[in-house]
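Undergrad: Here's a structure for you.
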Amino acid sequence: MNLTLQNFMSSISTESPSSNGKYAIEARNLNLYYGSFMAVKNVTLPIERQKITAIIGPSGCGKTTMLRSFNRMNDLVPSAHSEGEVLFMGQNINDPGVDPVEVRRHIGMVFQKPNPFPKSIYENIAWGARINGFRGSKSELDDLVERSLRSAALWDEVKDKLQQSGLSLSGGQQQRLCIARAIAVKPDIILMDEPCSALDPIATLKIEELMRVLAKDYTIIIVTHNMQQAARVSDFTAFFTMDEDRAGYLKEFGVTTQIFTYPHEKLTEDYITGRFG
Amino acid sequence: MPRETLDAKIRHLIDEILVLDSMIEQTTLDSVDALKRRDTEAARRLYAYDDVVNAKRFEIENDCIATIATQQPVMGKDLRLLASILEIVGELERMGDYAKGIAKICMMIGDEPHVKPLIDIPRMAEISVKMLHRAIGAFVARDVETARSIPQQDDEVDALYNQVYRELVAIILANPSTIDRANHLMWAAHNLERMADRVTNICERTIYVVTGELKEIESSDDEYSKFRE
């Protein structure tokens, strides 16, 4: 039975046994390929609702590929394909009938480099909402823009210059604008791919504190090279590494305090103590 | 720039220190009270309660290590504070062992009458507990002045200890059959004297957190000072 995700979601009024229970999204036995190259091998990774899960690991271990599989961003790479399942609301998002655009409305993304639209701060929020079906009045749209900017801890800094270009903001502010844009469409999950790598330490800490606040309402998955950041900000940590065939795989997954104080795997220990990677 | 996650974790750790402190204060007073009344039933309960104290200490220690590992307070006051919390929970847990030791002494004495009425030992417990209470308060408030002043009270505890010691030696000399019972009371007094000494260590950590200075607070009646010349 092929359903669009939208149809599927509207067909369930309450959490059914087929949904993912306490998990917002869940990879099961997932293999990801670029052509014949296996980039990620046999990953089973359950992501808890309204928690922050960090994906860490050395360069080339498939962290970003893994992250992008959670909202079908890999579809944009022609040679990419997958095996296994990514379950969201009990539905495999890779099923042929599922609309990837609809998936991305529920599972938003914030990228490494802040990428606001070359439009006003106001329009950065409003435009995304409109194309995702927002049909409210002007004042309702104003409310949405304000709410989103407040949620992204940016409102006080921009409320007097909403018509200025989003590109006029500092890097940290631009990234928070992108977060505001992502949450304006009320996603369930926000994927963050190295969201602070282009930011200075102060802007980084601001985003991290913002993530903690956002985790009260949203599920967040973050990929980061900065394991201190993973330690500071996340509830769960998934450590990826790669095999001799260069395929990335999940070596250890657990509560962040456990991973950073007594990892069970020697490779994890070596990585978090800076002895490898 | 606030670090709300780290600050919240520190606030939680401080709350937990206050919980552990109140456990120690109560168990110390209760142990001495049980000894005074020769209540072996209460002593048994207090002896077993040390497991609860130990578990709380390890819980705080684990939380503190996890906070250091995940929040990385690599510099300054936050790091000094967390390092001091690790030290202080160790001190508190040792004080819990002293209370447990007094409960054990109570069980060992059993129904036998005390060789003297217990007046100075409960007084020692009262002063030690007050010192501890003030020391933890000073730590929480990062109050260096109070922290510096508390160890002077240790002199009172030492004076009471010396008095108890002299009295018990006199009793033993007068009637050697009292040696076991007198010796038990000497241990109880010694435990309380050690407890007050450990309060000084907590005060030193408060000074360290605020000033960065790691230094022993000299006690005015340090009995060994004459050997240092």
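Just so it is clear, none of the values below were taken in a lab; they were calculated from the coordinates. Source: prediction; values computed, not measured. Here the Cβ positions follow ideal geometry from the backbone for every residue, glycine too, while neighbour counts run over all protein chains shown.
Undergrad: Per the helix-only calculation at 222 nm, which mean residue ellipticity applies to chain B, given -39500 (n - 2.57) for every DSSP H run of n ≥ 4 and division by its residues, nearest 500 deg cm²/dmol?
TA: -28500 deg cm²/dmol
Undergrad: For helix A:171-184, report the angle its Cα long axis makes with the longest principal axis of the Cα atoms of chain A; keep it between 0 and 90° and round to the nearest 10°.
TA: It is inclined by approximately 90 degrees.
Undergrad: Also, I was wondering about something else. Quick check on the stretch B:1-128: take the gyration tensor over C-alpha atoms, sort the square-rooted eigenvalues as a ≥ b ≥ c, and tell me if it's rounded (a/c under 1.5), prolate or oblate.
TA: It is prolate, given that a/c is not under 1.5 and a/b is the larger ratio.
Undergrad: While we're on this one: Over the Cα atoms of the stretch B:4-218, what radius of gyration and what Dmax do you get, in Å?
TA: 18.8, 65
Undergrad: May I ask which residue of A:97, A:247, A:219 lies farthest towards the positive end of the charge dipole of the protein assembly as shown, with charges of +1 (Lys, Arg) and -1 (Asp, Glu) on Cβ and the Cα centre as origin?
TA: It is A:97, whose Cα lies furthest towards the positive end.
Undergrad: Against the longest principal axis of chain A, how steep is helix A:138-151, in degrees 0 to 90 to the nearest 10, with axes from Cα atoms?
TA: Tilt relative to chain A: about 40 degrees.
Undergrad: For chain B, set up a Gaussian network in which alpha carbons nearer than 10 Å are linked by springs, and say which option among B:159, B:182, B:170 fluctuates the most.
TA: Maximum fluctuation in the GNM of chain B, among the listed residues, is at B:170.
Undergrad: Mind checking the mean number of beta-carbon atoms from other chains within 10 Å of the Cβ atoms in B:68-80?
TA: Details: counts 2, 10, 12, 4, 5, 0, 1, 0, 0, 0, 0, 0, 0.
Taking the mean over all residues of the peptide, I get 3.
Undergrad: List the residues whose amide H sits under 5 Å from the amide H of residue A:234, counting only those 5 or more places along or on another chain, with H placed 1.01 Å from N in the peptide plane.
TA: none
Undergrad: Here is a follow-up. Please rank A:113, A:206, A:216, fewest neighbouring Cβ atoms within 10 Å first, as an exposure proxy.
TA: A:216, A:113, A:206
Undergrad: Sort A:243, B:111, B:120 so that the residue with the fewest other Cβ atoms within 10 Å of its own Cβ comes first and the one with the most comes last.
TA: Values: A:243 12, B:111 6, B:120 20.
Least crowded to most crowded, the residues run B:111, A:243, B:120.
Undergrad: Can you find, among A:46, A:169, B:195, the residue sitting farthest towards the positive end of the charge dipole of the protein assembly as shown, where Lys and Arg contribute +1 and Asp and Glu -1 at Cβ?
TA: Of the candidates, A:169 comes out farthest on the positive side.
Undergrad: Using the beta-carbon distance between residue A:115 and residue A:200 and R0 = 22 Å, what value does 1/(1 + (r/R0)^6) give for FRET efficiency, to the nearest 0.05?
TA: It comes out at approximately 0.75.
Undergrad: With +1 on each Lys and Arg Cβ and -1 on each Asp and Glu Cβ, how big is the dipole of the stretch B:4-218 about its Cα centre, in debye rounded to the nearest 20?
TA: So the magnitude is around 280 debye.
Undergrad: Whole number please: convex hull volume per residue, Cα atoms of the stretch A:92-219, in Å³.
TA: 109 Å³
Undergrad: Output wanted: per-residue J couplings in Hz (rounded whole) for the stretch A:192-199, from phi through Karplus 6.51 cos²θ - 1.76 cosθ + 1.60, θ = phi - 60°, x for Gly and Pro.
TA: Values per residue, Gly and Pro as x: 10, 9, 6, x, 10, 5, 9, 10 Hz.
Undergrad: When a/c reaches 1.5 or more, the comparison of a/b and b/c decides; with that in mind, is chain A rounded, prolate or oblate per its Cα gyration tensor? Let's see the in-between values first.
TA: Values: a/c = 1.82, a/b = 1.26, b/c = 1.45.
Verdict is oblate for chain A.
Undergrad: Still on this model: Which percent, to the nearest 5, of DSSP beta bridges fully inside the protein assembly as shown are antiparallel? Show your work: numbers first, answer last.
TA: Details: 26 of 44 bridges.
Around 60 percent antiparallel, to the nearest 5.
Undergrad: Full-extension gain between residue A:186 and residue A:264, please, as 0.36 nm times their residue separation minus the C-alpha to C-alpha distance.
TA: 24.4 nm
Undergrad: While we're looking at this one, here's another question. Each residue of the stretch B:115-123 in turn: what ³J(HN,Hα) in whole Hz from Karplus with 6.51, -1.76, 1.60 and θ = phi - 60°, glycine and Pro shown as x?
TA: For the stretch B:115-123, the Karplus curve yields 6, 7, x, 8, 10, 6, 5, x, 5 Hz.
Undergrad: Using just the alpha carbons, could you tell me how many Å³ per residue the convex hull of the stretch A:31-84 encloses? Mind showing how you got there, number by number?
TA: Values: hull volume 4.6 nm³, N = 54.
So the per-residue hull volume is 85 Å³.
Undergrad: Could you line up A:269, A:252 from fewest to most neighbouring Cβ atoms inside 10 Å?
TA: Lowest to highest Cβ neighbour count: A:269, A:252.
Undergrad: Once fully extended, how much extra length lies between residue B:211 and residue B:52, figured as 0.36 nm per residue of separation less the alpha-carbon to alpha-carbon distance?
TA: Extending this stretch completely gives an extra 53.9 nm.
Undergrad: Translational diffusion coefficient, Stokes-Einstein: compute it for the stretch B:102-229 using the Kirkwood radius over C-alpha pairs as Rh, at 37 °C and 0.692 mPa s, and state it as an integer in µm² s⁻¹.
TA: After rounding, the answer is 205 µm²/s.
Undergrad: Mean residue ellipticity at 222 nm from the helices of chain A, using -39,500 (n - 2.57) per DSSP H segment of n ≥ 4 over the full residue count, to the nearest 500 deg cm²/dmol?
TA: -10000 deg cm²/dmol, from helical runs alone.
Undergrad: Say we join alpha carbon atoms closer than 10 Å with springs in a Gaussian network model of chain B; which of B:199, B:164, B:140 then has the biggest fluctuation?
TA: Maximum fluctuation in the GNM of chain B, among the listed residues, is at B:140.
Undergrad: Now, a different point. Taking the C-alpha atoms of the protein assembly as shown, how large are the radius of gyration and the largest Cα-Cα span, Dmax, in Å?
TA: Using the Cα atoms of the protein assembly as shown, the pair Rg, Dmax is 31.1, 100 Å.
Undergrad: Could you give the angle, 0 to 90 degrees to the nearest 10, between helix A:121-131's Cα long axis and the longest principal axis of the Cα atoms of chain A?
TA: 70 degrees
Undergrad: Towards the positive end of the charge dipole of the stretch B:1-146, with charges on Cβ (+1 Lys, Arg; -1 Asp, Glu), say which of B:121, B:53, B:144 has the farthest Cα.
TA: B:121
Undergrad: For chain A, modelled as a Gaussian network with Cα springs under 10 Å, which listed residue fluctuates most, A:192, A:109, A:38?
TA: The residue that fluctuates most here is A:38.
Undergrad: Let me ask something else. With contacts defined as alpha carbon pairs under 8 Å and 6 or more residues apart, what's the relative contact order of chain B in percent?
TA: Taking the mean separation of contacting Cα pairs over the length of chain B, I get 25 percent.
Undergrad: Quick one: check the C-alpha center-to-center distance for the stretch B:197-211 versus the stretch B:20-44, whole angstrom.
TA: 26 Å
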